[in-house]
1. Heavy atoms only, probe 1.4 Å: what % of the accessible area of the range 11-61 goes to carbon and sulfur, would you let me know?
2. Using 0.36 nm per residue, how much length does the chain from residue 32 to residue 55 gain when fully extended, once their Cα-Cα distance is taken away?
3. Using a 1.4 Å probe and ignoring any ligands, DNA or RNA, find the accessible area of residue 56 and quote it in Å² to the nearest 10.
Amino acid sequence: MFDRNIALRGGIAPVRACIPKLLPDVLSGALDPGRVSDRAVPLAEVPDGYRAMDDRSALKVRITF
């Protein structure tokens, strides 16, 4: 019933491939791993937030009310 509304694009981010490059910056304090949400959108712009994550222009989008 719901399968017609599902579109799979992009795929899983290759996080493990980034670990060797980013871990030294995390350990030195140059990079804050706690900062995950890098964009906020109002509820009306949620589709834009999903597009931003899909095209990798945002890591994680926070919805504001």
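The values are calculated or read from the model by the stated rules, or taken from the named source; none is laboratory data. No experiment lies behind these values; they were computed from the predicted model shown. For the accessible areas, the whole protein counts, side chains as well, though only heavy atoms, and no ligand, DNA or RNA atoms are used. Shrake-Rupley method; radii C 1.70, N 1.55, O 1.52, S 1.80 Å.
1. On the range 11-61, the fraction of accessible area on carbon and sulfur atoms equals 62 percent.
2. Values: separation 23, 0.36 × 23 = 8.28 nm, distance 2.25 nm.
Residue separation times 0.36 nm, minus the Cα-Cα distance, leaves 6.0 nm.
3. 130
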